[in-house]
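What follows draws every value from the coordinates through simple rules; no lab data is involved. Everything quoted here is computed from the prediction, not taken from an experiment. So basically every Cβ, Gly included, is an ideal-geometry build from the backbone, and we count neighbours across all protein chains shown.
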Number of protein chains: 2
Amino acid sequence: MLSKNQRKHIRQLSQKKYRQQTGMFVAEGEKVVRELLDAGWNADSIYSSSPLKDISTTNVDQSELERISHFSSASRVLSIFHLPKIKTPKINYSQFSLVLEGVSDPGNLGTIIRLCDWYGIEDIYCSPNSVDCFNPKVVQSTMGSITRVSCHYLDLATLIDGFKGEVFAATLAGTAHYELTFPKSGLLVMGSESRGISSELLDKIENKVTIPRGMDGEGPESLNVANATAILLSEIFRP
Amino acid sequence: MLSKNQRKHIRQLSQKKYRQQTGMFVAEGEKVVRELLDAGWNADSIYSSSPLKDISTTNVDQSELERISHFSSASRVLSIFHLPKIKTPKINYSQFSLVLEGVSDPGNLGTIIRLCDWYGIEDIYCSPNSVDCFNPKVVQSTMGSITRVSCHYLDLATLIDGFKGEVFAATLAGTAHYELTFPKSGLLVMGSESRGISSELLDKIENKVTIPRGMDGEGPESLNVANATAILLSEIFRP
């Protein structure tokens with residue numbers, strides 16, 4: 001059984017500030033924990049309600065896991081890891097990188113990280129107001145891809161001003177992605193779920209790209225940002 | 001303030017069985033509620049912590065909304081609607097329809113419904129073990145698209161056996177989607193997040209389609225099912 005202080009510690013790791021103070025984060029679920037360990041990430045503690053093959057764990061009841069989990073339904077493994085050292089971002093001019101402005105939903109960032117991993121994109125540049133990539137829900141939804149894709153939080157206007165290559169912004173009123181031929185490297189900028197890309201950034205970007213609707217008439221105002229990113233990356237990586 | 005029974009009623013609407021017994025479901029968030037009303041759906045009650053323009057609501061405290069919300073962070077509007085009459089599915093041979101086997105994550109089904117709405121797909125055929133489309137989290141993440149896209153729960157093997165057209169299955173070992181030219185109508189079958197498409201269904205489907213990775217070496221085992229659906233629909237609707 002965990003002490004009151006241990007429980008409090010784990011719960012507080014939902015907060016970015018507390019993660020930065022302690023240098024730790026929470027990862028839940030056997031698959032994610034195995035991926036972090038396989039990547040050489042440093043576990044502080046691994047709690048499990050049943051033994052795991054080849055992984056040494058602290059046995060706790062499932063009811064205890066339900067109490068400390070950051071999810072409404074706990075998996076049978078919850079671990080605390082040390083935050084990895086994030087390498088200093090060095091713009092990669094040999095491939096596309098992704099830029100996210102104000103993406104706030106943890107599930108969206110998590111699946112976007114997994115998408116980048118699928119396409120071999122190693123760096124995501126995020127505005128400082130985007131959700132933190134070590135949020136427990138982001139970590140879980142990356143399904144391990146967080147070990148291969150780095151999120152860098154920085155001023156996007158400065159990044160774009162200094163970028164020597166083509167920059168594409170996803171908007172609702174640009175050229176259809178079907179009609180574009182993308183270069184081998186560049187930046188793809190995606191805006192927040194509710195507000196899109198800020199005019200401050202948009203004014204700096206010449207290439208506007210749009211995912212056309214399949215129909216006329218009524219329909220949704222926009223696509224989910226992760227789904228829109230999926231469609232555009234599939235197009236960018238078209239052989 | 002709500003009575004204990006009212007609170008219990010709202011909380012129980014998270015259960016499919018209770019929704020079917022009562023013929024009601026919960027929708028949260030002003031945008032979703034407006035979309036349902038605009039589509040002529042029948043509201044039983046609308047609770048809000050602040051007045052809404054042109055919508056008559058029952059005023060409740062925000063703390064009350066936090067208590068009854070199905071989300072960890074409540075919006076300022078929660079409503080109860082009557083379930084709509086789902087029209088009997090009539091296979092549409094003039095366009096693509098989507099088939100989902102065992103998709104269990106509400107956020108995934110919600111954004112897939114929104115994607116279908118974007119592309120003008122009106123019908124989704126779901127295996128009976130898929131998440132119910134009137135789950136509060138599905139309703140919320142459709143952002144109103146649930147008024148324009150119907151989910152039908154039925155035996156998928158029977159559906160595919162009776163379908164007179166081309167059927168495509170998304171798998172990890174098929175033809176690259178970049179290399180296929182899709183017909184104007186057909187079925188696209190997507191499997192569950194964890195297990196993919198069952199062999200029972202897969203054996204019935206000739207066309208296997210795959211989203212190729214952008215890189216060699218390590219990477220995720222698969223894409224999120226909503227993101228994979230997004231990529232394939234974008235390809236199917238290529239002009």
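Key figures for this structure:
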quantity	calculated
Cβ-defined net charge surrounding A:SER73, 15 Å radius [Lys, Arg +1; Asp, Glu -1]	-2
Charge tally in the Cβ shell below 15 Å around A:LYS4, where Lys, Arg are +1 and Asp, Glu are -1, A:LYS4 excluded	+3
Cα-centred dipole magnitude for segment A:37-187, charges only on beta-carbon of K, R (+1) and D, E (-1), debye, nearest 20	280 debye
Cα-based Lys pair tally, segment B:1-128, threshold under 23 Å, eight or more apart or on separate chains	10
Under 5 Å, built H, 5+ apart or other chain: amide partners of A:VAL60	A:SER48, A:SER49
Dipole magnitude of the protein assembly as shown, debye to nearest 20 (Cβ charges: Lys/Arg +1, Asp/Glu -1, about Cα centre)	1200 debye
For A:LEU172, distant residues with modelled amide H under 5 Å away	none
Inter-site label distance for A:SER63 and B:TYR178 at 7 Å from Cα along Cβ, in nm	5.5 nm
Nitroxide proxy distance, nm - points 7 Å out along Cα→Cβ at B:SER72 and A:ASN42	2.7 nm
GNM top mover of A:ASP105, A:ASP117, A:ASP54 - chain A, alpha-carbon springs below 10 Å	A:ASP54
Whole-Hz couplings from phi, Karplus 6.51/-1.76/1.60, listed for segment A:100-117; x for Gly and Pro	10, 10, x, 6, 10, 7, x, x, 5, 4, x, 6, 5, 4, 5, 4, 4, 4
Straight-distance crosslink candidates among aspartates and glutamates, where the alpha carbon sits under 17 Å from B:LYS164 and sequence neighbours closer than 8 are dropped	B:ASP123, B:ASP155, B:ASP203, B:GLU206
Surrounding net charge for A:ASP117, when Lys and Arg each add one and Asp and Glu each subtract one, Cβ distance under 15 Å	-3
Computed FRET value (nearest 0.05) for B:TYR18 with A:LYS164, which takes r as the C-beta separation and R₀ as 41 Å	0.10
Helix-only [θ]222 nm of chain B, DSSP H runs n ≥ 4, -39500 (n - 2.57) each, per residue, nearest 500	-8500 deg cm²/dmol
Extreme residue, positive dipole direction of segment B:167-216, given options B:GLY196, B:ALA169, B:PHE182 (C-beta unit charges)	B:PHE182
Label geometry 7 Å along the beta-carbon vector: A:LYS164 inter-copy distances in nm	6.3
Acute angle (nearest 10 degrees) that the helix B:225-236 long axis makes with the longest principal axis of chain B, alpha-carbon atoms	60 degrees
Part-to-part distance (alpha-carbon centres) for segment B:143-209 and segment A:90-161, which is given in Å	30 Å
Amide H contacts under 5 Å for A:LYS208, placed H, 5+ residues apart	A:ALA169, A:THR175
Alpha-carbon centroids, segment B:219-239 and segment A:24-39: separation in whole Å	26 Å
For segment A:139-155, 3J(HN,Hα) per residue [Karplus equation, 6.51 cos²θ - 1.76 cosθ + 1.60, θ = phi - 60°, Hz, x = Gly/Pro]	3, 5, 7, 6, 6, x, 5, 4, 7, 10, 10, 9, 9, 10, 9, 7, 6
